[in-house]
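*Asks:* Pasting a structure below so you can have a look.
The values are calculated or read from the model by the stated rules, or taken from the named source; none is laboratory data. Model, not experiment: these values are computed from the prediction. Don't worry about glycine lacking a Cβ; one is built from the backbone with ideal geometry, like all the others, and counts go over all protein chains shown. Ligands, DNA and RNA are stripped out before the accessible areas are found, and what is left, the full protein with its side chains, is counted by its heavy atoms. Shrake-Rupley method; radii C 1.70, N 1.55, O 1.52, S 1.80 Å.
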Amino acid sequence: MNINEKKIRVLGKGLTAKAILDKFPNAILYDDKDFNTYDLSSNEITVVSPGIPPYNEMVKQSVNIQSDYDLFFDIMPFSIWISGTNGKTTTTQMTQHILESKQSIYGGNIGVPLSHLDEKAKIWILETSSFTLHYTNKAKPNLYILLPISEDHITWHGSYEEYKNAKLKPLDNMNEDDIAIIPKIFESYKTKAKVITYENSDDLCEKFNINKKEIKFKEPFLLDAILALCTKKILFDEIDYEKINTFKIDEHKVEEFYDSLNRLWINDSKATNVDATMNALVPYKDKNIHIILGGDDKGANLLPLFENIKDLNITIYAIGSNTKKLISYAKDFNIEINECNYLNNAVEKIAKNMSLNSVGILSPAAASLDQFSSYAHRGKEFKNLVNSLSIV
């Protein structure tokens, strides 16, 4: 059967679902409002949009569930899937940056849905979320790049164990011709793929004969750049320092800027989980740190963050829906904390307390939707507030 002749239904009416409808005009889209019209006995292909959790009643009542990756697997060209808790967007963008001359395109969880990707491209580079992987049952990558994993999306998956299972799921379908680069802690996971494990950036550099000094990026982006270089080395036996060093990091990711008194501020609004925030602090551990934490932490365990920062010269400014939770942890670890509740209050208090050796950083370790429309909205508001400070 031609792919365009498949009879399918889609759970969800967001970006992924609408893109599928562009490809399959006869597809039927459902959301919770349509549950009374939903055929519970149907055996039709049912593509679940990644935002819909497994405890949704329509998902629980369906029998032939798959992801859009499964839907397009038969026509998918050579594919590189990139996942992990933090860094997958940057790693995907960096990999596309150094492979674009090889007729690659990128999409998935970032930018372009699979339904809109060019089937004639030589390589698909796909940023791949744990949500998509949960619903993927037959599709597999030719090359799987897995960044380190830490607690995230616990509410959606139900547990950290289920989150990890989703991230490792591509290994189940891979074969002897496929390659996976994964953290060393997962080296015992059973797969037919050729597995390359790593502990850190230095480990990867040694295994791929990469000179770290030739790379301009520092952590947390150094690992992303090295993984992109590893990808090109595997596929084309090239280590392209010149090209990777021309890559520009996105806004809202450990983005440095200065106020009118030449004091350093960091916009790291993209840090929506604990691990991202811990990584963002690495370059500034010798400074006096004023950090804005808080938002929707999605049920994640914040204990590792406080254990990580307890010995730093750090003051916390708490905002968002988990403010009380942050205050409780700070008291347990004897860390100074200010209850600010809102971003503008936090910026104003930091501005009064900062010196030239200080750094003011928004790295919330939480999602933004309790107070903002997106992490980008939060980051832009942060920069506007800093740039609008009235310096007396």
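*Asks:* Does residue 72 meet the test of being farther than 20 Å from residue 180 by Cα and either free of Cβ contacts under 8 Å to residues at least 12 places away in the same chain or surrounded by fewer than 16 Cβ atoms within 10 Å (Cβ to Cβ) (or both)?
*Replies:* It is false that residue 72 is farther than 20 Å from residue 180 by Cα and either free of Cβ contacts under 8 Å to residues at least 12 places away in the same chain or surrounded by fewer than 16 Cβ atoms within 10 Å (Cβ to Cβ) (or both).
*Asks:* Under 6 Å by Cβ, and 6 or more places apart or on different chains, what pairs join a residue from the range 33-48 that is of a type in the set (Asp, Glu) and at pLDDT 85 or above with one that is surrounded by 11 or more Cβ atoms within 10 Å (Cβ to Cβ) and not in a strand (DSSP E or B)?
*Replies:* Pairs found: 44/7.
*Asks:* May I pose another question? Do you know which residues across the range 75-121 are part of a strand (DSSP E or B) and touching a residue at least 60 places away in the same chain (Cβ under 8 Å)?
*Replies:* 78, 79, 80, 81, 82, 83
*Asks:* So is residue 192 touching a Cys at 6+ places or on another chain (Cβ under 7 Å), surrounded by 13 or more Cβ atoms within 10 Å (Cβ to Cβ) and without any contact (Cβ under 8 Å) to a residue 60 or more places away in the chain or not?
*Replies:* Numbers: touching a Cys at 6+ places or on another chain (Cβ under 7 Å): no; surrounded by 13 or more Cβ atoms within 10 Å (Cβ to Cβ): yes; without any contact (Cβ under 8 Å) to a residue 60 or more places away in the chain: yes.
Criteria not met by residue 192.
*Asks:* Among the residues of the range 7-18, is there at least one that is surrounded by fewer than 18 Cβ atoms within 10 Å (Cβ to Cβ) and part of a helix (DSSP H, G or I)?
*Replies:* The answer is yes; a qualifying residue exists.
*Asks:* Quick one: would you say residue 232 is open to solvent by less than 40 Å² (accessible area, probe 1.4 Å), in contact (Cβ under 8 Å) with a residue 24 or more places away in the chain and under 22 Å from residue 79 (Cβ atoms)?
*Replies:* Taking the combined requirement at face value, the residue satisfies it.
*Asks:* So residue 222 fits all but one of (1) farther than 28 Å from residue 298 by Cβ; (2) part of a helix (DSSP H, G or I); what number is the exception?
*Replies:* (1)
Rundown of residues vs (1) in contact (Cβ under 8 Å) with a residue 40 or more places away in the chain; (2) in contact with a helix residue (DSSP H, G or I) (Cβ under 9 Å, 6 or more places away or on another chain); (3) not basic (Lys, Arg), yes/no style:
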| position | (1), (2), (3) |
| --- | --- |
| 318 | no, yes, yes |
| 343 | yes, yes, yes |
| 349 | no, no, no |
| 352 | no, no, no |
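*Asks:* Sort out which residues of the range 122-147 are in contact (Cβ under 8 Å) with a residue 60 or more places away in the chain, of a type in the set (S, T, N, Q) and either open to solvent by 40 Å² or more (accessible area, probe 1.4 Å) or more than 13 Å from residue 172 (Cβ to Cβ) (or both), and write them in order of number.
*Replies:* Answer for the range 122-147, where residues must be in contact (Cβ under 8 Å) with a residue 60 or more places away in the chain, of a type in the set (S, T, N, Q) and either open to solvent by 40 Å² or more (accessible area, probe 1.4 Å) or more than 13 Å from residue 172 (Cβ to Cβ) (or both): 129, 132, 137, 142.
*Asks:* Select from the range 292-317 the residues that are farther than 27 Å from residue 158 by Cβ and of a type in the set (A, V, I, L, M) and write down the one among them that is most open to solvent (accessible area, probe 1.4 Å).
*Replies:* 312
*Asks:* Report whether or not residue 223 is under 15 Å from residue 95 (Cβ atoms) and surrounded by 15 or more Cβ atoms within 10 Å (Cβ to Cβ).
*Replies:* Yes; evaluated as a whole, the condition is true for this residue.
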